[in-house]
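Trainee: This structure is in structure tokens; I'll ask about it shortly.
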Amino acid sequence: MGADAKRRTALSRFYIDYRGIYSTTYGVVTGNSQRAGSYYDIFSTRRFFWRPVIVEYFRDTFANIEHRGTIGAGLGYHIIDTPKTEWLVSPGIAYQGTRYVSVEPGEDDTVSTPAFIFSTEYDTDITKQIDFILKYNFSVVNEKSGTYSHNASAAFEIELTGMLDLDLSLVWDRIQDPQANSDGDVPEQDDLYFFCGLSFDM
């Protein structure tokens, strides 16, 4: 399940999105993950912008993450900015706090870290009704927080109405050093999901 909303003017841009999965097999939970993020941009020139607010919430009990919150700021630049294609990059710095579902004896279940964050977004019109959007987010944190993580998505947005789109996305998550749980089991580094949702353009 997923949804997002975005609004852009000549001087600013606001974006918020949510991706969540909850699945069961014969009454046993096999997936439980939520990710929500938002940012606000202020344009200094047509291509250069400041990103004074970046926030993200992430939860994945199968990755042993009860809650993870990130808040930061950065800047950005449009490598391509045409009516058909947009490609931007945005580095920044942030603070991240994580609470694990369980940890091995003697380990802290809550950790925090400064973070270097980087994101890039590529959006192009395939046809008048279909957009292809590629997003990639990367963060460098301390070892107890996972060392570094990746989040990437490839999506097709199909226009249903003038403001409403159908969003079909393939999402990849990776944590380099997952935290072992209280039984000593280490979660898988990689997760791959398929999402179907709606996006709303204002």
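The values are calculated or read from the model by the stated rules, or taken from the named source; none is laboratory data. Model, not experiment: these values are computed from the prediction. Note that each Cβ is placed from the backbone with ideal geometry, even for glycine, and that neighbours are counted across all protein chains shown.
Trainee: Go through the stretch 178-202 and give me each residue that's assigned to a strand (DSSP E or B) and either more than 26 Å from Arg7 (Cα to Cα) or touching a residue at least 60 places away in the same chain (Cβ under 8 Å) (or both).
Mentor: The answer is Asp190, Asp191, Leu192, Tyr193, Phe195, Cys196, Gly197, Leu198, Ser199, Phe200, Asp201.
Trainee: I'm trying to understand the selection: among the residues of the stretch 137-177, which are in contact with an Asp or Glu (Cβ under 8 Å, 6 or more places away or on another chain), without any contact (Cβ under 8 Å) to a residue 40 or more places away in the chain, in a strand (DSSP E or B) and not aliphatic (A, V, I, L, M)?
Mentor: Once the filter is applied, which keeps residues that are in contact with an Asp or Glu (Cβ under 8 Å, 6 or more places away or on another chain), without any contact (Cβ under 8 Å) to a residue 40 or more places away in the chain, in a strand (DSSP E or B) and not aliphatic (A, V, I, L, M), the stretch 137-177 yields Ser149, His150, Phe156, Glu159, Asp165, Trp172, Arg174.
Trainee: Residues of the stretch 1-44 being hydrophobic (A, V, I, L, M, F, W, C), in a loop (DSSP other than H, G, I, E, B) and either under 18 Å from Gly92 (Cβ atoms) or at pLDDT 80 or above (or both), which ones?
Mentor: Answer for the stretch 1-44, where residues must be hydrophobic (A, V, I, L, M, F, W, C), in a loop (DSSP other than H, G, I, E, B) and either under 18 Å from Gly92 (Cβ atoms) or at pLDDT 80 or above (or both): Ala10, Leu11.
Trainee: Does the stretch 120-134 contain at least one residue that is of a type in the set (Val, Ile, Thr), under 18 Å from Ala63 (Cα atoms) and surrounded by fewer than 18 Cβ atoms within 10 Å (Cβ to Cβ)?
Mentor: No, the stretch 120-134 contains no residue that is of a type in the set (Val, Ile, Thr), under 18 Å from Ala63 (Cα atoms) and surrounded by fewer than 18 Cβ atoms within 10 Å (Cβ to Cβ).
Trainee: Counting only residues that are touching a strand residue (DSSP E or B) at 6+ places or on another chain (Cβ under 9 Å) and not in a strand (DSSP E or B), which one in the stretch 45-81 is farthest from Asn137 (Cα to Cα)?
Mentor: Only one residue tops the list, namely Arg46.
Trainee: Determine which single condition His78 fails, assuming it passes every other condition in (1) modelled with pLDDT of 95 or more; (2) within 21 Å of Ile175 (Cβ to Cβ); (3) out of contact with any Ser or Thr (no Cβ under 9 Å at 6 or more places or on another chain).
Mentor: Unmet condition: (2).
Trainee: Let me ask something additional. Just to be sure before I move on: is Arg8 of a type in the set (Lys, Arg), in contact with an Asp or Glu (Cβ under 8 Å, 6 or more places away or on another chain) and surrounded by fewer than 18 Cβ atoms within 10 Å (Cβ to Cβ) in the structure I sent?
Mentor: No: the conditions fail for Arg8.
Trainee: Among the residues of the stretch 135-149, write down those that are surrounded by fewer than 16 Cβ atoms within 10 Å (Cβ to Cβ) and within 16 Å of Pro187 (Cβ to Cβ).
Mentor: Glu143, Thr147
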